[in-house]
Amino acid sequence: GTGSDILSALQDLFWLLKSKAEKQLQIISVLQWVLTFLIMGIACTLILMYILCTDCWAIAALYLAWLVFDWNTPKKGGRRSQWVRNWAIWRYFRDYFPIRLVKTHNLLTTRNYIFGYHPHGIMGLGAFCNFSTEATGVSQKFPGIRPYLATLAGNFRMPILRDYLMSGGICPVNRDSIDYILSKNGSGNAIIIVVGGAAESLNCTPGKNSVTLKNRKGFVKLALRHGADLVPVYSFGENEVYKQVIFEEGSWGRWVQKKFQKHIGFAPCIFHGRGLFSSTTWGLLPYSKPITTVVGEPITIPKINNPSQKDVDFYHSIYVDSLIKLFDKYKSKFGLPETEVLEVN
């Protein structure tokens, strides 16, 4: 009996230690991504400049020469790495929240797609995990479809960061890049655009489901020019992982945010999550709240080389209706009351 008790105690201790180790790995995986999002580009630029001033300047010079030679690669579909997309660290990243990807319809490999991702949240955690890694099985759920998450073009001017982003299948959210993928990269491509962008991030806060979409029609025009089907995507829980100070319209804080958004492309947010060592303190780590990303039914889009504003408005209205229907259909399954309404701004 004593031997059995000791064995049982050892097994309990083993599982406890394993559970704690997994939790620490989850925290580390999320922390590295947050730091990548916030400072990697600037840090790598400063390090490269420093190396140029040392005896190892030749290494930095060789990289800069490579950078010039490789400058247009992000605009031509990038350079994805299945090895990077399948890193174990992304599975720990997924399990920290956890993050899930829900498929509702099949996608044809003979078509190209533009996914409209909503809402932006502070950092687009669901968009990254689901479409720039294989942690939630996007390639298994949508076989033959190559996802490209589109983000700020400025990120691809940062040394090292650009290569890291491209390895995950991330591309610049500009016309040249999107035109190339949809017209010169065959079929079976899916570009994920966080439609609300920086403007939407300024209003994200726990308990609020709103999207910036009424005047965002450029993605619809691109879809029409290339005959790429539109797919509404909603991430339940994206707004729950950070708390943000919301500045009222007309306040000095909102004025500063809009100036940054207009001239730089992103809006600085004052936000916080949990601390590194305690969930009750403030810090940069997101709260471990579930994020469920639902990929809706594709909307068939005709190819029109020069779509009129009437064409754009028509398919935009269909898209908005489809997104609202998607939200209403799944909201109660993922913790929202039946009375919750998606606010479209």
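The values are calculated or read from the model by the stated rules, or taken from the named source; none is laboratory data. All of these numbers come straight from a predicted model, not from anything done at the bench. Neighbour counts run over all protein chains shown; Cβ positions are idealised from the backbone, glycine included. Note: accessible area is taken over every heavy atom of the protein model, side chains too, but ligands, DNA and RNA are not part of it. Shrake-Rupley method; radii C 1.70, N 1.55, O 1.52, S 1.80 Å.
Assorted remarks:
- When each of Gly296, Gly283 is tested for being touching a strand residue (DSSP E or B) at 6+ places or on another chain (Cβ under 9 Å) and free of Cβ contacts under 8 Å to residues at least 40 places away in the same chain, the lone residue that passes is Gly283.
Quick grid of which residues meet (1) exposed (fewer than 12 other Cβ atoms within 10 Å of the Cβ); (2) closer than 23 Å to Leu101 by Cβ; (3) small (Gly, Ala, Ser); (4) out of contact with any His (no Cβ under 9 Å at 6 or more places or on another chain):
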{"site": "Ile299", "(1), (2), (3), (4)": "no, yes, no, yes"}
{"site": "Tyr315", "(1), (2), (3), (4)": "no, no, no, yes"}
{"site": "Ser322", "(1), (2), (3), (4)": "no, yes, yes, yes"}
{"site": "Leu326", "(1), (2), (3), (4)": "no, yes, no, yes"}
{"site": "Lys329", "(1), (2), (3), (4)": "no, yes, no, yes"}
{"site": "Pro337", "(1), (2), (3), (4)": "yes, no, no, yes"}
{"site": "Glu340", "(1), (2), (3), (4)": "no, yes, no, yes"}
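- Among the candidates Asn155, Asn174, Asn185, residue that is closer than 26 Å to Tyr287 by Cβ and either open to solvent by 30 Å² or more (accessible area, probe 1.4 Å) or touching a Ser or Thr at 6+ places or on another chain (Cβ under 9 Å) (or both): Asn155
- Total residues in region 248-280, condition within 24 Å of the chain's Cα centre (by Cα), of a type in the set (A, V, I, L, M, F, W, C) and over 27 Å from Arg157 (Cα atoms): 1
- Selection within region 78-136 - in contact with a Pro (Cβ under 9 Å, 6 or more places away or on another chain), at pLDDT 95 or above, farther than 17 Å from Tyr164 by Cα and hydrophobic (A, V, I, L, M, F, W, C): Phe97, Ile99, Leu107, Leu108, Phe115
- Residue satisfying condition, being touching a strand residue (DSSP E or B) at 6+ places or on another chain (Cβ under 7 Å) and not small (Gly, Ala, Ser), within set Pro143, Pro147: Pro147
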